[in-house]
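Structure first, commentary second.
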Amino acid sequence: MSRTRTALLAAMALVAGATGTAFAVDPGSAGIAAVPCTVDYKIQNQWSTGFTAAVTVTNNSAAKSSWSLKWSYAGNQKVTSGWNAKLSQSGAAVTAANETYNAQLATGGSVSFGFQGSYSGSNAIPATFTLDGVTCNVDGGPGGPTDPPDPGGPSSRVNNPYEGAKVYVNPEWSAKAAAEPGGSRVSSQPTGVWLDRIAAINGSSGTMGLRAHLDEALRQKGSGELVVQLVIYNLPGRDCAALASNGELGPTEIDRYKTEYIDPIKAILADSKYSSLRIVTTVEIDSLPNLVTNTGSRPTATPQCDVMKANGNYVKGVGYALNKLGDVPNVYNYVDAGHHGWIGWDDNFGASATLFKEAASAEGATVNDVHGFITNTANYSALKENNFTINDNVAGKSVRESKWVDWNRYTDEQSFAQAFRNQLVSIGFPSGIGMLIDTSRNGWGGTARPSGPGAQTSVDTYVDGGRYDRRIHLGNWCNQSGAGLGERPQAAPAAGIDAYVWMKPPGESDGSSKAIPNDEGKGFDRMCDPTYTGNPRNNNNMSGALPDAPVSGHWFSAQFRQLMQNAYPPLS
C-alpha cells in the first residue's frame with residue numbers, strides 16, 4: 001500500500017476487515033481533487049488479542065498550526081499505547097492530536113503516527129475519519145464509496161513473516177554448496193540474495209537478476225507461504241570504515257542510489273505478479289553504526305566515515321530505501337543493527353538506536369516502514385555464550401573487565417538483540433518490531449569449542465577458557481579462521497526474535513587476502529590479510545583471517561569446508 005496514494009478507507013472497510021491495509025486509487029483519478037484530507041490507516045502487525053497500526057494523515061486544505069484526527073471503531077478495539085501523537089479514547093471514539101513537534105501541517109503536508117491496540121473477534125478498519133471536523137477520503141461528488149479499489153487488492157501483513165512459511169533457497173548458492181564434499185548436507189538451506197550493485201538487479205555475467213530470483217521463488221512457493229530474503233547493499237560511499245566491500249557509488253552519488261538502484265528494485269517488488277511472496281529486505285548492512293563508532297575524535301575514526309556523516313547520505317539513503325520499499329505491501333524492512341561487538345558498549349548502544357530513528361524518519365520514511373532489525377549480518381559473534389554471564393565476578397573482577405568483553409554490556413548476540421529491541425521500542429519504534437540474527441557463521445564448534453567455563457585464576461582465564469567465539473578479538477571480521485556454521489535458519493526461536501537466518505551465504509568471501517583487480521569497486525582491506533597485525537578497531541591484534549581468499553562475495557571453497565567442519569550444532 002503506497003502512502004503516496006489516496007486511501008479510500010470508508011468504501012472498503014468491510015472488505016478489508018483485519019487484513020491490515022487500506023485500499024488506494026491514484027490521486028489523479030476522477031473526483032479526487034476536491035478531497036480535503038486523506039488518511040492511510042494500516043494494520044501492520046496483528047495477533048490473537050492485539051495489533052499495531054500506522055496512520056498517515058495528508059492535509060489538502062489550508063495549512064494548520066495544530067490538528068486533531070478522530071475516528072470510531074465498529075468493534076471493541078482499544079488503543080493501549082501510541083507514539084508521535086496524543087491518543088485518547090472514549091468508548092469506541094478515538095482522538096489523535098498533534099504533539100508539539102509535529103503540530104504544523106502544511107497544505108499538501110503529511111504527518112504519521114502509530115499505536116498498539118487490543119481487540120477480540122474482528123478488527124475492521126474504521127469507516128470514517130475526520131480531521132478537525134472535516135471528513136477525509138470523501139469529496140462529496142462521484143468519488144467516495146463508488147470509487148474502485150486498487151487493482152492489486154488487499155494485502156495481509158503478518159506479525160512475523162517467517163512463521164508458517166518456507167524460505168527461498170537460492171539455486172546459485174545451493175549449486176556451489178552442493179558441489180563441495182559434504183555440501184549436500186546444507187545446500188538446501190535458505191540464504192540471502194545480495195543486491196550489492198546496480199548490475200545485480202538485472203543480473204550480469206550469467207548470474208540471476210532480481211526478477212529471476214522472484215520467479216524461482218514463485219515456483220518454490222507452491223500453494224504455501226514463502227519468504228524471499230534480499231540484502232539491499234549499495235549506499236554511496238559504502239563501508240566507510242573498511243575497504244574489502246567498498247561499493248560502486250561515490251560518497252555524493254545519492255541521486256544515482258535513488259534512481260538507478262532503489263527505484264528499479266521497488267518497481268520490481270511492486271509487480272503484482274509477486275504480491276503473494278513475503279519479501280524480507282535487510283537494509284544496508286554496516287552503514288549507520290559507522291557514523292556512531294568511526295567518526296570524530298575516536299581512535300577508530302576514518303576520514304571516509306567523517307565525510308559520510310557530514311554529507312548525510314547514509315541517513316538519506318537508508319531513509320529513502322525504507323520509504324520506497326515500505327510502500328510495497330508484502331515487503332518487510334529489517335534495518336541492519338551491527339552486532340554486540342560493535343554497538344554493545346554504553347556509548348554506542350543508545351546513540352545507535354537514536355541514529356536509526358533519524359534514518360527511519362528521513363526522506364519520507366517513518367518508523368512504521370521498519371518491521372524489525374537484523375544483527376550479526378556477515379559477522380561471527382556467538383549466538384549464546386553459556387559458560388559465563390555479564391554478571392559473573394572472578395578473582396575480584398567483573399567479567400566486563402576481561403580483555404575479551406572489554407566493558408561491553410553483552411556477551412553474545414541473542415542477549416544483545418533482545419535488549420536492543422527494547423531500546424528501539426523505548427524511543428518510538430513500533431512495539432511489534434522483531435529481530436533477526438544471522439547465524440550463518442557463528443557456530444564455533446569443532447574440537448576448539450569449550451565444554452565448560454575456564455579456570456577461575458583470573459577473569460581473563462575464566463572468559464577466554466569458556467568462550468565459544470574463538471576469534472583473537474571481537475573486532476576481527478574477515479574470513480575468520482576456526483569459524484563454523486551456526487544454528488540452522490528457523491522461525492520464532494526466542495522472545496522478540498523473528499528468526500535465525502543465514503543472510504550471509506556461507507562460503508562467500510568477506511574480502512581478498514591481497515589486492516585483486518576487479519570491476520566491482522571492491523578494494524583490499526588489510527583486515528583480510530592473515531599477516532596483518534591490526535589497528536585500533538581490533539586493538540592491534542592479528543587479523544585472524546584465512547589465507548588465499550578471493551574478492552568479497554566470490555566463492556571461497558576453503559572457508560566453506562571449514563564452516564561445515566566446525567558447525568555447531570554439528571552436521572549429521
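Structural descriptor for segment 322-394: relative contact order 44 percent, calculated from alpha carbon pairs under 8 angstrom and at least 6 residues apart. What the chain shows is 37 Å² of accessible area per residue, with the surface traced by a 1.4 Å probe over protein heavy atoms. For the pair Ala351 and Lys70, the difference between a 0.36 nm per residue extended length and the Cα-Cα distance amounts to 97.7 nm. Separation of segment 478-514 and segment 221-259, taken as the distance between their Cα centroids, equals 18 angstrom.
Taking 18 Å as the straight-line reach from the Cα of Lys522, the aspartates and glutamates in range (excluding those fewer than 8 positions away in the same chain) are Asp196, Asp239, Glu248, Glu253, Glu284, Asp286, Glu508, Asp510, Asp548. Across the chain, the relative contact order, built from alpha-carbon pairs under 8 Å that are at least six residues apart, equals 12 percent.
Per residue, how big is the convex hull around the C-alpha atoms of segment 293-417? Give it to me in cubic angstrom, could you?
Working: hull volume 15.3 nm³, N = 125.
About 122 Å³ per residue, rounded to a whole number.
Available extension along the chain between Ala175 and Trp47 is 42.3 nm, counting 0.36 nm per residue and deducting the alpha carbon span. With a ≥ b ≥ c taken as the square roots of the eigenvalues of the C-alpha gyration tensor of the chain, please select rounded if a/c is under 1.5 and otherwise prolate if a/b is larger than b/c or oblate if it is not? Prolate shape, in that a/c is at least 1.5 and a/b is the bigger ratio. Residues of segment 171-195 with amide nitrogen under 20 Å from the 7 Å Cα-to-Cβ point of Ser557? From segment 171-195, the list is 172-188. Annotation: the antiparallel percentage among DSSP beta bridges lying fully within the chain is about 65.
Using Cβ point charges alone (K and R +1, D and E -1), the dipole size of segment 303-421 about the Cα centre works out to roughly 40 debye.
Taking the Cβ of Leu105 as the center, what net charge do the other residues with Cβ under 13 Å away carry, scoring Lys and Arg +1 and Asp and Glu -1? Local net charge: -1. Taking a ≥ b ≥ c as the square roots of the Cα gyration tensor eigenvalues, with a/c under 1.5 meaning rounded and otherwise prolate when a/b beats b/c, else oblate, which class fits segment 464-549? Verdict is oblate for segment 464-549. The portion of the accessible surface of segment 384-440 made up by carbon and sulfur, rounded to a whole percent, is 41 (1.4 Å probe; DNA, RNA and ligands excluded).
Starting from the residue with the highest accessible area, list Ser61, Ser205, Ser552 in decreasing order, probe 1.4 Å.
On the way: Ser61 50, Ser205 125, Ser552 10 Å².
The most accessible residue leads, giving Ser205, Ser61, Ser552.
Give the range of the longest stretch in the chain that excludes all chymotrypsin sites (Phe, Trp or Tyr not before Pro) found in loop regions by DSSP and having at most 14 other beta-carbon atoms within 10 Å.
48-406
Taking each of Lys324/Lys357; Lys42/Lys384; Lys64/Lys324; Lys266/Lys504; Lys86/Lys357 in turn, the alpha-carbon distance tops 25 angstrom for Lys42/Lys384; Lys64/Lys324. At an R0 of 60 angstrom, the distance between the Cβ atoms of Ser188 and Thr128 translates into a FRET efficiency of 0.75.
Toward the positive end of the charge dipole of the chain, with +1 on the Cβ of Lys and Arg and -1 on the Cβ of Asp and Glu, the farthest Cα among Thr191, Ala419, His339 is that of Ala419.
Where does the charge balance sit around Gly164 when Lys and Arg score +1, Asp and Glu -1, over other residues with C-beta under 15 Å from its C-beta? Could the numbers behind the result be given before it?
Details: positive: Arg157, Lys166, Lys221, Arg278; negative: Glu163, Glu225, Asp498.
Local charge sum for Gly164: +1.
So if I take the centroid of the Cα atoms in segment 350-395 and the same for segment 273-315, what is the distance between those two points in Å? Going from one Cα centre to the other spans 13 Å.
The values are calculated or read from the model by the stated rules, or taken from the named source; none is laboratory data. Please read all numbers here as calculations on a predicted model, not as lab measurements. No Cβ is skipped: glycine too gets one built from the backbone with ideal geometry, and neighbour counts run over all protein chains shown. Ligands, DNA and RNA are stripped out before the accessible areas are found, and what is left, the full protein with its side chains, is counted by its heavy atoms. Shrake-Rupley method; radii C 1.70, N 1.55, O 1.52, S 1.80 Å.
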